[in-house]
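Here's the structure, in structure tokens; my notes come after.
Every number in this text was worked out from the coordinates using simple rules, so none of it is lab data. The structure presented is a predicted model; accordingly, all values stated were derived computationally and were not measured. Positions of Cβ are generated from backbone atoms using ideal geometry, with glycine treated the same way; all protein chains shown enter the neighbour counts.
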Amino acid sequence: MQRLQFIAQRVLKGVVVLLGIIVLNFVLVRLAPGDPATVMAGEAGAADELFLQQLRKEFGLDKPLHEQLVVYVKNVVTLDLGFSYRQQRPVSDLLMERAPATLLLTGAAFVLSLVVGVALGVFASMLVGRWSDSLITVFALFFYATPIFWVGLMGVLLFSVTLGWLPSFGMYTVGANLKGAALAFDVSRHLVLPALTLALFHMAVYARMTRASMLEMKDQDFVRTARAKGLPESRIVRVHILRNAVLPVITIAGVKAGYLIGGSIVVETVFAWPGIGRLAFEAVLQRDYNVLLGVFFLTSFMVIAFNLITDVVYSLIDPRIELGA
Amino acid sequence: MHGARDFWKRFSRNKGAVVGLAILVLVLATAIFGPLLFPTSPWEMTGAPFQRPFDPEFPLGTDTLGRDVLSGIVHGARVSLLIGFVATLVAVIVGVILGALAGYYGGIIDDLLMRFTEFFQTIPSFVFAVVLVAIFTPSIASIVAAIAIVSWPAVARLVRGEFLTLRTREFVQASVVLGQPARHIIFVEILPNAVSPIIVAGSLMVATAILTESSLSFLGLGDPNLMSWGFMIGAARTVIRTAWWMSFFPGLAILLTVLALNLVGEGLNDALNPRLSREGR
């Protein structure tokens, strides 16, 4: 019961944030230089007068601001995110079509960065001062400072151009028409480089955090107690240190989900991955603001959902968390 | 003077920080004096396109339009550092003010300001920055504003935390009892004691700001009048198979600059917060 209440609270908070984002979108369009109708239509001057009038009517642009806001919120809540004049299709259709690819990419990168990052951090913390610890620390410093689009391009250069191991763009082999397991294998081959590119930066973050957090836990009283009880070292590390050390990393991972999705714009651009990020890049090139605002709305929604999931996972892992609070 | 020597002693104990400082000084010197050595505009076609690097005339080669890659990197240093520092400065000012108000007054003001801060921390910051720059048209001002808008929340939370603990201290309580105005207590009594963590966070934020700027200009959202590292890589993206140098060298410049800033930030942390244990970092 308590857990349900906790979850309900988080959902409510998410809904409030989402409403805030809708209002923010609304304000952005009005603050933009030029007529909001032309902003919604895409590049100024490209839309014809008839369409602009239709837009003004649809969004009530001739009415007072607060009424416009009500219309806008109603539209968004019913998943009407407007129309892409450039692509001649509703924005929500475009987004739905591209969402699965982005979820696959960011999901893979999330798991990869968290699992490998935590593993590296644990490994480094157990070998403090030795060369492998230094190596992991240098690796983390390096990738923490590297722009991900550059990592992606260098990855293409090494693994696709020079070694020829992996495909460098897209999600499928063009014209191969594969099915079943062969298709899954094809997609995974295409997924390796983009997911790794997106994951490396966060892997570095989690490795550093886990290492620091593990070292901090090592000196805690309860660890000393466990040691005094004569528990085997491997059990102390696994149960007493690791479980507590990983908690802050998971919290951060949830918070950082937004960065992962933001990074997907750049990574999808590098690898021509057919997701929301690539759509955002196309929208930027064409100044297709309706699509861009739709991407902003959907990615915010994804982040909120992600945070909600981490909150729930956290409450399951950490027995100390006060659910009622 | 004694303080400065102490500071340097603690800072220089961190070898990485010294290396970082050396690189940073080099990048700064490039940003300030480099354009004097390369007076021609980095946009100008100075040689044949696609010239390979390690050539005496064009040490880092030329790009698809015959522009000197080295000249682009030198001119780009100015843009990256300028945007990184100014955006951070704006973010720090906003974050300090909001964080100080929240931490000092507490109660409903704190609640409201923190909900506001959380909101900005929840939304995907890079996507938001892309939307802002695209809608307000790319320029150095809109890029700085966008980066500042997505960066201030971290400072606000940090400053709020410092203020929450500092405001219960005796010297602050004494000022309150003496009837000093809130503005005096916030800026003269408390803030100077919270400067160290702000400086450390700020130096790391400059690094993040430079990464964000490079991503924006990679996507074509840079100031169209200024040569920047991200733009160079974005423009060379499609020819990566044939002309690796066009994206390799600007990326290396970003990597070194950001790495240097991170290392210096860690050194500053060691030097300014000596009480914290060094283990674990």
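Listed values for segment B:164-179 are Karplus-derived 3J(HN,Hα) couplings in whole Hz (6.51 cos²θ - 1.76 cosθ + 1.60, θ = phi - 60°), namely 4, 7, 5, 6, 8, 5, 4, 5, 6, 4, 4, 4, 4, 5, 5, x, and x replaces Gly and Pro. In chain B, the longest principal axis of the Cα atoms and the axis of helix B:15-37 are about 50 degrees apart.
Taking the helices alone, chain B has a mean residue ellipticity at 222 nm of -23500 deg cm²/dmol, built from -39,500 (n - 2.57) per DSSP H run of at least 4 residues and averaged over all its residues. Distance from the Cα centroid of segment A:142-183 to that of segment A:1-33 is 36 Å (rounded to whole angstrom).
Among the trypsin sites (Lys or Arg not before Pro) in segment A:198-261, those placed in a DSSP loop whose Cβ has at most 10 other Cβ atoms within 10 Å are A:LYS229. Here's the picture: a label point sits 7 Å out from the Cα of A:LEU31 along the beta-carbon direction, and within segment B:147-169 the residues with their amide nitrogen under 20 Å of it are B:147-157.
Entry note, segment B:138-229: relative contact order of 45 percent, from Cα contacts under 8 Å with a spacing of 6+ residues. Can you pull the percent of Cα pairs in the protein assembly as shown with separation above 46 Å? Tail fraction, whole percent: 18. Report the full-extension gain for the segment A:TRP165 to A:VAL187: residue separation times 0.36 nm, less the Cα-Cα distance, to one decimal in nm. Gain on extension, A:TRP165 to A:VAL187, equals 6.5 nm. Whole-Hz Karplus values for segment A:171-179 come out as 10, 10, 6, 5, x, 7, 6, 7, 9 Hz, taken residue by residue from phi with 6.51 cos²θ - 1.76 cosθ + 1.60 and θ = phi - 60°; glycine and proline positions read x. Remark: the A:ASP93-A:LYS63 segment gains 8.0 nm on full extension, using 0.36 nm per residue and subtracting the alpha carbon distance.
Suppose we flag chymotrypsin sites (Phe, Trp or Tyr not before Pro) only when DSSP calls them loop and at most 15 other Cβ atoms lie within 10 Å. Which is the longest uninterrupted stretch of chain A? That would be A:1-164.
Give the shape of chain B as rounded, prolate or oblate, defined through the alpha-carbon gyration tensor: a ≥ b ≥ c are the square roots of its eigenvalues, a/c under 1.5 means rounded, and otherwise the shape is prolate if a/b is larger than b/c and oblate if not. Prolate, because a/c is 1.5 or more and a/b exceeds b/c.
Using C-alpha pairs under 8 Å with a sequence gap of at least 6, the mean separation divided by the residue count of chain B gives a relative contact order of 27 percent.
Assign one of three labels to segment B:172-281, namely rounded, prolate or oblate, based on the Cα gyration tensor with a ≥ b ≥ c the square roots of its eigenvalues; rounded applies when a/c is under 1.5, prolate when it is not and a/b is larger than b/c, and oblate otherwise. Cα axes put segment B:172-281 in the oblate bin.
In the calculated pair-distance distribution of segment A:175-237, the portion above 20 angstrom amounts to 59 percent of the Cα-Cα pairs.
With axes computed from alpha carbons, what is the tilt in degrees of helix A:2-31 against the longest principal axis of chain A, rounded to the nearest 10 within 0 to 90? Its long axis makes an angle of about 40 degrees. For B:ALA182 and B:LEU28, the difference between the fully extended length at 0.36 nm per residue and the C-alpha to C-alpha distance is 51.5 nm.
Let me make sure I get this right: for segment B:24-169, a, b and c are the square roots of the gyration tensor eigenvalues over alpha carbons, sorted descending. Under 1.5 in a/c it's rounded, otherwise prolate if a/b > b/c, else oblate. Which is it?
Numbers: a/c = 4.18, a/b = 2.54, b/c = 1.64.
Prolate shape, in that a/c is at least 1.5 and a/b is the bigger ratio.
Residues whose amide H lies under 5 Å from that of B:ARG67, counting only those 5 or more places away or on a different chain, are B:THR46; hydrogens are built 1.01 Å from N in the peptide plane.
Rounding to the nearest 10 and keeping the result within 0 to 90°, find how far the Cα-based axis of helix A:91-126 lies from the longest principal axis of chain A. It is inclined by approximately 20 degrees.
When the trypsin sites (Lys or Arg not before Pro) in segment A:42-147 are filtered for DSSP coil states and for at most 15 other beta-carbon atoms within 10 Å of their beta-carbon, the remaining sites are A:ARG130.
Note down the relative contact order for chain A as a percent, whole number, built from C-alpha pairs under 8 angstrom at least six residues apart. That works out to 27 percent.
Taking every DSSP helix (H) stretch of at least 4 residues in chain A, weighting each as -39,500 (n - 2.57) and dividing the sum by the residue count yields a mean residue ellipticity at 222 nm of -24500 deg cm²/dmol.
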